[in-house]
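The block underneath contains the structure these notes are about, expressed in structure tokens.
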Amino acid sequence: MNAIRTTCPYCGVGCGISATPGANRSVDIAGDLEHPANAGRLCSKGTHLAETVGLEGRLLYPEIQGARSDWDSALTLVADRFSRTIAKHGPDSVALYVSGQLLTEDYYVANKLMKGFIGSANIDTNSRLCMASAVAAHNRAFGEDIVPCSYDDLAAADLILLVGSNTAWCHPVIWQQIEAARAARGSKLVVIDPRRTETAAAADLHLAIRPDGDVALFNALLKAVHRRGAIDEDYLAAHVDLPDDFWANLTGSPQEAGVSSEDFETLAEWVCAIPRLVTLFSQGANQSVQGTDKGNAIINLHLATGRIGAPGAGPFSITGQPNAMGGREVGGLASMLAAHMGFSEEEKRTAQDFWQSPTIAPAPGRKAVDMFRDIYDGKIKALWVMATNPAVSMPDAKFVREALARCDFVAVSDVMHHTDTGAYADVKLPALAWAEKDGMVTNSERVVSRQRALFAPPGEAKPDWWIINEVAAHMGFGKAFAASSAADIFREYCAQTGYRNDGQRLLDISSWSEISDADYAAWRPRQWGGRSPFAEGRYSTANGRAQMIATEPKAVCHDDEFPLRLNSGRYRDQWHTMTRTGLSPTLSQHLREPLVAIHPDDAARFDIADGALTRVTAAHAAAVFRALHDPGQRPGELFVPMHWTDQHGNIGRANMLADQRVDPISGQPGFKNGDVRIAPLQTDWKAFLVTREKPELEDAVYWTAGAVGSGLLYELAGQGAVNVEALLPSAGQRMEAFDSARGTRRIAVMDDTGRLAAALFLTRSGELPSREWIIGQLQPDERPDNLALLAGRAPGQITDSGPTVCVCFNVGAKTLLRGIAEQSLADVDAVGKALSAGTNCGSCRPAIAALLEQVEQREGEIAIAAE
Ligand code: SF4
């Protein structure tokens, strides 16, 4: 088949993909060489998409109360429950909770139904958890939610500040562009992040700021720039309004931000001297109770220095999700109405007239955290969740689960049959997945691209826009929701952006409302607003001038009973709640368990051994992680991943620990600065199991599951006796080795063809062997040697490759360290040539650089000792 041009479904970089489908839902994935976002590059997640498009675990038929149903019954039920609830309790008694995974067309009809036909703005999106603070900061400063930069600005910048962004892991293709810019023009890179991530390790300057120290730092920086006479007075006079006494009231110091005077001076010197400055900020800035002020403190620096609207200059918020921007454009946040309009009387009239709707939401709706509080309190009685998993991803997730359990009626549209949120659904509606969907997405730089179907819809799954339109029709709104294709909806949305706009809003793509179906089918990526929407210094405020906003550093209150600050975020090769990336054996190799990173001094203080199971406790919940001693953590702070769910483990839930505190303006939760304590978790035994069948896990105090080549790998730990029989298949030929001194048991079960069905390695006081060789023995063509199986390694094998660094070529850290030392490999390219690592998607290149540094440091120490 011919290659189909589509877009990656993961992060907000929005990389173009060239996908060639084959038989049985196989597909070859390559980067789209002509897509402006990535010019052919892909990271590990995009590269291994083919492993995630199978039908295992999919929801393929409508279900009512857990039983298979049909579309008409399911749609009638959803419409009926929504209509009856609205009739009895009013429009605000129902809500939609949607997602940056929806396509623009899906988002548009969901927003139109809620705000124009139900008459409430109770539609919010998981983008609230991701970049709502940046949206609020843009609105305050520019009068409209406009990202002022493009990726080309990274290539043109001489100084790049990364704020709260582990770009090398979370936006890897942007990272590759930054690395290319540094190589090409010697751009300096400053990383402002409490953690020494792989991104920070590669920077010219790393400011390990204290959590929520950003406002203090950027205000201090602005004061220093002002003091040194580097303010652009002409730009301020022509294009910017300042609050009265702005400079006199500007407070903040490097000490408050937790950075040294010396590092601060270097930063201030560079900022004053280098005009081409881009500040890229992400979740570390946004996910804060001061997220909006952080965004405005960053924007203030750019406005005051006139570093905006020109090549290589501007504040650049990057989004976490593939279509968070599309959702913002159509108005999918509870705080916006539609097409960048707010809730003024004129804007409400404009939206209502355009939609020809019977009503219009009178005011902003409930933002995500407040929405689930209202559900808990019984004010919202019917909820429809689309393409997201709030039972895992919301802060205080236990509370959210209780809210879902209390809700009178919950509908869930999803692609997966079993999700933590789906467990609370009265109705499940099967939606199309990435490889089957057609529509538009907008990336972080406002480029609108097509997502295209690679396969026919499986089972009875339907596009989200179709499901929403059908529910709307069943509620009596059929005339306004009669679109028969995504292209029809896109044209309508584009027309809305221009309706009575008269240049008030920069988002005006009404010229695209005339495109034909053929144009839509052949669509190539197009950017709205141009490379620099503010190039002429005209902003979307009433007077056309940007607004500098007074921001003030505020101390976050902490509870003394919980002496540690908890930060959370992403792993390099996983995505959100792992419903897709968790299916990929290749991606699962990188980090197989949820780890709590802790500084070695804290580990000594709290008696936490490296690799030990550890309980992290907040006021309202606890979770268990495996400890990782990490000198890159600031003392007093912990970091945990956000990905693990009930489907992948029983207890490593980061967002159970996050509390409900939010930014007062944006409503975005402060995920990065929670209050916790830590203690070792005592268990009597530990084990791992590789198996082709899911086991019974009732004995395990701790378990995690991950996909491996032809089965699953479980890490287990527990107390008291172990019911081995529950873990292993009942049929098959057993072999067992037993060491009573250490309480070690090794059991292998072979099927009747001589293939390995399961292998369990369990010990009470000994060590467990490396997992990698045993995992390989599950492959269909392997007929493993019995003795080797029980030994846990290949005959004669004595070397361990260590944790996987390069997932594309399966190269471990120990192999890399040995290769670097023995072959005197000097840089990442030399490592690639010798060991292949880092030569495909490039996501592991920062990790290889860190290993090179490690070897260099070790050799330096040896040389000094020899002297
Ligand atoms: Fe997908 Fe990676 Fe590109 Fe993000 S950087 S869009 S995850 S390929």
Filter the stretch 613-647 for residues that are open to solvent by 30 Å² or more (accessible area, probe 1.4 Å), farther than 17 Å from F562 by Cβ and not charged (D, E, K, R) and give the result.
L628, H629, P631, M642, Q647
Checking D502 against (1) part of a loop (DSSP other than H, G, I, E, B); (2) surrounded by fewer than 18 Cβ atoms within 10 Å (Cβ to Cβ); (3) touching a residue at least 12 places away in the same chain (Cβ under 8 Å), the condition it does not meet:
(3)
So E767 passes all but one of these: (1) farther than 20 Å from L712 by Cα; (2) out of contact with any strand residue (DSSP E or B) (no Cβ under 6 Å at 6 or more places or on another chain); (3) open to solvent by less than 40 Å² (accessible area, probe 1.4 Å). Which condition number does it fail?
(3)
Is the stretch 52-70 home to any residue that is touching a helix residue (DSSP H, G or I) at 6+ places or on another chain (Cβ under 9 Å), within 16 Å of the ligand (Cβ to nearest atom) and open to solvent by less than 40 Å² (accessible area, probe 1.4 Å)?
yes
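Where residues in the stretch 788-844 are within 16 Å of the ligand (Cβ to nearest atom) and open to solvent by 20 Å² or more (accessible area, probe 1.4 Å), which of them is farthest from E772 (Cα to Cα)?
N840
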Check off (1) open to solvent by less than 40 Å² (accessible area, probe 1.4 Å); (2) over 30 Å from A555 (Cα atoms); (3) modelled with pLDDT under 95 for R185 and give me the number that stays unchecked.
(1)
Which residues, taken from the stretch 151-180, are under 20 Å from P311 (Cα atoms), within 16 Å of the ligand (Cβ to nearest atom) and in contact with a strand residue (DSSP E or B) (Cβ under 8 Å, 6 or more places away or on another chain)?
L154, L162, I174, I178
Since T581 meets every condition but one in (1) at pLDDT below 90; (2) on the phi > 0 side of the Ramachandran plot; (3) not charged (D, E, K, R), which condition does it not meet?
(2)
Looking for something open to solvent by less than 10 Å² (accessible area, probe 1.4 Å), under 26 Å from G537 (Cβ atoms) and assigned to a strand (DSSP E or B) - is there at least one such residue anywhere in the stretch 148-157?
no
Restricting to the stretch 16-38, what's the tally of residues that are within 14 Å of the ligand (Cβ to nearest atom), open to solvent by less than 20 Å² (accessible area, probe 1.4 Å) and not in a loop (DSSP other than H, G, I, E, B)?
4
Quick one: which residue in G832, G754 is assigned to a loop (DSSP other than H, G, I, E, B) and out of contact with any Phe, Trp or Tyr (no Cβ under 8 Å at 6 or more places or on another chain)?
G754
Is it fair to say A203 is within 19 Å of the chain's Cα centre (by Cα) and either closer than 20 Å to F264 by Cα or modelled with pLDDT under 95 (or both)?
no
Name the pairs whose Cβ atoms lie under 7 Å apart, with the first residue in the stretch 305-329 and aromatic (F, W, Y), the second within 16 Å of the ligand (Cβ to nearest atom) and open to solvent by 10 Å² or more (accessible area, probe 1.4 Å), and 6 or more positions between them or separate chains?
none
Among (1) of a type in the set (D, E, K, R); (2) without any contact (Cβ under 8 Å) to a residue 40 or more places away in the chain; (3) within 15 Å of the ligand (Cβ to nearest atom), R41 falls short only on (2)
Residues to consider are D414, D396; find the one that is within 15 Å of P669 (Cα to Cα) and crowded, with 19+ Cβ neighbours inside 10 Å.
D396
Output for the stretch 310-319, where each listed residue is open to solvent by less than 10 Å² (accessible area, probe 1.4 Å) and not polar (S, T, N, Q):
G312, A313, G314, P315, F316, I318
Which one of the conditions (1) within 16 Å of the ligand (Cβ to nearest atom); (2) at pLDDT below 95 does L129 fail to meet, given that it meets all the rest?
(1)
Within the stretch 1-35, track down each residue that is among the basic types (K, R) and over 25 Å from the mean Cα position of the chain (by Cα).
R25
Mind checking whether some residue in the stretch 192-200 is among the polar types (S, T, N, Q), within 16 Å of the ligand (Cβ to nearest atom) and in contact with a Lys or Arg (Cβ under 7 Å, 6 or more places away or on another chain)?
no
Taking the stretch 158-176 as the search range and keeping residues that are of a type in the set (S, T, N, Q) and crowded, with 23+ Cβ neighbours inside 10 Å, which one is farthest from R195 (Cα to Cα)?
T167
When both residues are 6+ apart or on different chains and their Cβ atoms are under 6 Å apart, which pairs have a first residue that lies in the stretch 283-300 and is among the charged types (D, E, K, R), and a second that is part of a loop (DSSP other than H, G, I, E, B) and modelled with pLDDT of 95 or more?
D293/T551
Would you mind stating whether V13 is surrounded by fewer than 24 Cβ atoms within 10 Å (Cβ to Cβ), touching a residue at least 60 places away in the same chain (Cβ under 8 Å) and within 16 Å of the ligand (Cβ to nearest atom)?
no
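Please enumerate the residues belonging to the stretch 233-264 that are farther than 14 Å from N300 by Cβ and part of a loop (DSSP other than H, G, I, E, B).
Matches in the stretch 233-264: D244, D245, S253, G258, V259, S260.
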Which residue is surrounded by the most Cβ atoms within 10 Å (Cβ to Cβ), if the candidates are limited to the stretch 1-10 and must be more than 9 Å from the ligand (Cβ to nearest atom) and either outside any loop (DSSP other than H, G, I, E, B) or aliphatic (A, V, I, L, M) (or both)?
T6
With (1) crowded, with 22+ Cβ neighbours inside 10 Å; (2) part of a strand (DSSP E or B); (3) more than 17 Å from the chain's Cα centre (by Cα) as the list, and I608 as the residue in question, which single condition is left unmet?
(2)
Looking for whichever is open to solvent by less than 40 Å² (accessible area, probe 1.4 Å) and touching a Ser or Thr at 6+ places or on another chain (Cβ under 8 Å) here; the options are G306, G291. Which one fits?
G291
If the requirement is being modelled with pLDDT of 95 or more and under 23 Å from C806 (Cα atoms), which of these qualifies: C15, C11?
C15
Of the residues P322, P364, which single one is out of contact with any His (no Cβ under 8 Å at 6 or more places or on another chain), part of a loop (DSSP other than H, G, I, E, B) and surrounded by fewer than 20 Cβ atoms within 10 Å (Cβ to Cβ)?
P364
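The values are calculated or read from the model by the stated rules, or taken from the named source; none is laboratory data. The structure presented is a predicted model; accordingly, all values stated were derived computationally and were not measured. No Cβ is skipped: glycine too gets one built from the backbone with ideal geometry, and neighbour counts run over all protein chains shown. Each accessible area value is taken on the protein alone, full model and side chains, heavy atoms only, with ligands, DNA and RNA left out. Shrake-Rupley method; radii C 1.70, N 1.55, O 1.52, S 1.80 Å.
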